[in-house]
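Trainee: I have a structure here, written as structure tokens, and I will follow up with some questions on it.
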Amino acid sequence: MSAHALDVLGLSKRFTLHIRGGLVIEGLQSATFQVRRGEFTGLVGRSGSGKSTLLKCLFRTYLPDGGSALFTTSEGTTFDLASTGEHEMLALRRQALGYVSQALRVIPRVTVERTVASPLVARGASADVALREARLLLSRLNLNESLWDSYPSLLSGGEQQRVNVARALIREPELLLLDEPTSALDAGNQGAVVELLSERLAAGTTMVGAFHDAPSL
């Protein structure tokens, strides 16, 4: 089995602005890198340099225009995240991929704790087990217990981001994509996030992250 969990070659993404007469913007140009299994790779670059676009291409929020992104699971199966079928991609998101975006997107009228628990329920865990794991993560991320049965839309930006992190971590993904996961947090809560990420990294999770100031993991 390959020592690399992720092998990205020439990954590219263009955006066509139809309201600007078909103007083409190069969002990502020929990104190439490798990530060994269980390692953390940080993305460095100025704002607008394509870091978020790269992560969205890997998670397939965006469909790349060129290149490949070979992801090899712990079982030795390799998928090209740039071109694999939609059904396979959905299955990978449930079983092996995690993604912390810059903004929390949730289903309305689903509580905080159930939002965090939902990935485990989707994988077959009982509601009780999933809620217990969700509450443990929310506690470790210093989210006040009084907010657990509230709705994410009522939380502050920093509180929502901790919910976002907890929801990604609860599934214990093989590959975790992180887009500025600590940008809305104060120093104490940044430390709580970094501690959890460090634990998952030590347990073998492969990570690719974009940070303003890369933490020591």
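Trainee: Counting each pair of different Cα atoms once, what's the Kirkwood radius of segment 38-150 in Å, rounded to one decimal? Don't jump to the answer; show the numbers that get you there.
Mentor: Working: mean 1/r = 0.0608 Å⁻¹.
Over segment 38-150, the inverse of the mean reciprocal pair distance is 16.4 Å.
Trainee: Once you have the alpha carbon radius of gyration of segment 1-102, what is it after dividing by 2.2 N^0.38 Å, with N set to its residue count? Kindly include the intermediate steps, with their values, before the conclusion.
Mentor: On the way: Rg = 14.2 Å, N = 102, 2.2 N^0.38 = 12.8 Å.
Dividing the Cα Rg of segment 1-102 by 2.2 N^0.38 Å gives 1.12.
Trainee: Any chance you could run the full-extension gain for residue 183 through residue 95? It's 0.36 nm times the residue separation minus the Cα-Cα distance, nm to one decimal. Let's see the in-between values first.
Mentor: Details: separation 88, 0.36 × 88 = 31.68 nm, distance 2.68 nm.
Roughly 29.0 nm would be gained on extension.
Trainee: Multiply the residue separation of residue 109 and residue 34 by 0.36 nm, subtract the distance between their alpha-carbon atoms, and state the gained length in nm to one decimal.
Mentor: Values: separation 75, 0.36 × 75 = 27.00 nm, distance 4.03 nm.
Length gained, residue 109 through residue 34: 23.0 nm.
Trainee: Suppose only helical runs count, i.e. DSSP H with n ≥ 4. What mean residue ellipticity at 222 nm does that imply for the chain under -39500 (n - 2.57) per run, divided by all residues and rounded to the nearest 500 deg cm²/dmol? Walk me through the numbers before you get to the answer.
Mentor: Values: 6 runs with 73 residues, N = 217.
Computed ellipticity for the chain at 222 nm equals -10500 deg cm²/dmol.
Trainee: Now for a separate question. How far, in degrees from 0 to 90, does helix 187-202 lean away from the longest principal axis of the Cα atoms of the chain, to the nearest 10?
Mentor: Compared with the principal axis, the helix lies near 70 degrees.
Trainee: Using DSSP to define loop residues, name the trypsin sites (Lys or Arg not before Pro) in segment 131-179 whose beta-carbon has at most 13 other beta-carbon atoms within 10 Å. Each step should come with its number before you reach the end.
Mentor: Values: sites: 132, 135, 140, 162, 167, 171; in loops: 171.
Qualifying residues, ordered by number: none.
Trainee: Let me ask another. Between 200, 109, 20, where does the largest GNM mean-square fluctuation fall for the chain, given springs only between Cα atoms within less than 10 Å?
Mentor: It is 20.
Trainee: Can you list the residues, at least 5 places off or on another chain, whose amide H is less than 5 Å from the amide H of residue 210, using H built in the peptide plane?
Mentor: Residues meeting the amide H criterion: 43, 178, 179, 180.
Trainee: If you take the C-alpha gyration tensor of the chain, multiply each eigenvalue by 5 and take the square root, what semi-axes do you get, largest first, in whole Å? List each step's numbers first, then the result.
Mentor: Values: eigenvalues 158, 83, 62 Å².
Here the semi-axes work out to 28, 20, 18 Å.
Trainee: Rounded to whole Å and ordered largest first, report the semi-axes of the equivalent ellipsoid of segment 101-217 derived from its Cα gyration tensor (root of 5λ). Please report the intermediate quantities before stating the final value.
Mentor: Values: eigenvalues 88, 58, 30 Å².
Square roots of five times the eigenvalues give 21, 17, 12 Å.
Trainee: Given an 8 Å cut-off on Cα distances and at least 6 residues of separation, report the relative contact order of segment 111-211 as a percent.
Mentor: Numbers: 117 pairs, mean separation 30.1, N = 101.
In percent, rounded to a whole number, it is 30.
Trainee: If R0 is 25 Å, what FRET efficiency do you get for residue 88 and residue 2 from their C-beta distance, rounded to 0.05? Kindly include the intermediate steps, with their values, before the conclusion.
Mentor: Values: r = 19 Å, r/R0 = 0.74.
The calculated FRET efficiency here is 0.85.
Trainee: Find the eigenvalues of the gyration tensor of the Cα atoms of segment 1-40, then list the square roots of 5 times those eigenvalues as equivalent ellipsoid semi-axes, largest first, in whole angstrom. Before the final figure, lay out each step's value.
Mentor: Values: eigenvalues 219, 12, 8 Å².
Equivalent-ellipsoid dimensions as semi-axes: 33, 8, 7 Å.
Trainee: If the elastic network links every pair of Cα atoms under 10 Å, which of 40, 71, 15 fluctuates the most in the Gaussian network model of the chain?
Mentor: 15
Trainee: Let me ask something else about it. May I ask for the percentage of alpha-carbon pairs in segment 125-169 that lie more than 11 Å from each other? Each step should come with its number before you reach the end.
Mentor: Numbers: 647 of 990 pairs.
Roughly 65 percent, once rounded to a whole number.
Trainee: What is the chain's relative contact order, in percent, from Cα pairs under 8 angstrom and six or more apart in sequence?
Mentor: 24 percent
Trainee: Report, to the nearest whole %, how much of the accessible area of the chain belongs to carbon and sulfur atoms, 1.4 Å probe, protein only. Each step should come with its number before you reach the end.
Mentor: Details: 5270 of 10960 Å².
Its accessible area is 48 percent carbon and sulfur atoms.
Trainee: While we're on this one: Could you calculate the FRET efficiency of residue 149 with residue 195 from 1/(1 + (r/R0)^6), where r is the beta carbon distance between them and R0 is 25 Å, rounded to 0.05? List each step's numbers first, then the result.
Mentor: On the way: r = 25 Å, r/R0 = 1.01.
Computed FRET efficiency for residue 149 and residue 195: 0.50.
The values are calculated or read from the model by the stated rules, or taken from the named source; none is laboratory data. These numbers were taken from a predicted model, which means no experiment stands behind them. Using ideal geometry, Cβ is built from the backbone for each residue, glycine included, and neighbour counts are taken over all protein chains shown. Heavy atoms of the whole protein, side chains included, go into the accessibility calculation; ligands, DNA and RNA do not. Shrake-Rupley method; radii C 1.70, N 1.55, O 1.52, S 1.80 Å.
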